[in-house]
Amino acid sequence: MIDAVVFDLDGVIIDSEELWDEVREGLARERGGNWSAQAQADMMGMSSTEWSRYMHEVVGLPESPAEINREVVDRMLARYSEYLPLIDGAVDAVKRLAAHWPLGVASSSNRQLIDRVLEVSGLAPYFKATVSSEEVERGKPAPDVYLEAARRLGVEAARSAAIEDSVCPCCWYARRCDSEPRVPASGRCAGAGGRRARLDRRARPGND
């Protein structure tokens, strides 16, 4: 039985990967950093604490990680004010699922960005808990942000479903992955011991 559903934000509700890349690359080149495709790949899924430190230590920006983080977030907020790249069908999917389960967000985005996306999209009332990875000890692929979302929703992580846009190494309901999870998501999830468990695309309210 599923007691709650937790959404990733970037890549599930908004198509923001390219925007993140543009903003961080633009800042790196402005400030004389050593930008590369590897830097782009390395920072995917990192928390704001992690990627801002990476941009300082690896990409070589002279500003402190806190200053880098602040500048990137300001630029992202400005871009979202111009245009919010919602994924087709995402708003409707959230509304339909909210009619059956309490919903949460577990995102690598900064708190300000999560709040802005949900406010502009009109989805804020549908989520009972939202967590940024900057609010937990470790960013993805560690499971911390999902575990905290489940805690704030007041449900057991093992009885929750995650909706992710990629192979989910942060399988915080690993025990479910020893069997066939029946959850409203698509893709694959890394289970205990590295095993994979298919996430059933056909799950509907009433499936337990």
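Bear in mind that the values in this text are calculations on the coordinates, not laboratory data. In this text, all values refer to a predicted model and were calculated from it rather than measured experimentally. With ideal geometry, Cβ positions are generated from the backbone for all residues, glycine too; neighbour counts draw on all protein chains shown.
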Extended-chain gain in nm, criterion 0.36 nm per residue less alpha-carbon gap, E57 and E156: 31.9 nm
Given charges at Cβ of Lys, Arg, Asp, Glu: the range 1-154 dipole, positive-most of I14, Y126, P85: Y126
Rounded, prolate or oblate: pick one for the range 17-82, where a ≥ b ≥ c are the square roots of the eigenvalues of its C-alpha gyration tensor, a/c under 1.5 means rounded, and failing that, prolate if a/b is larger than b/c, else oblate. rounded
So, over other residues within a Cβ distance under 12 Å of P125, counting Lys, Arg +1 and Asp, Glu -1, the net charge is +1
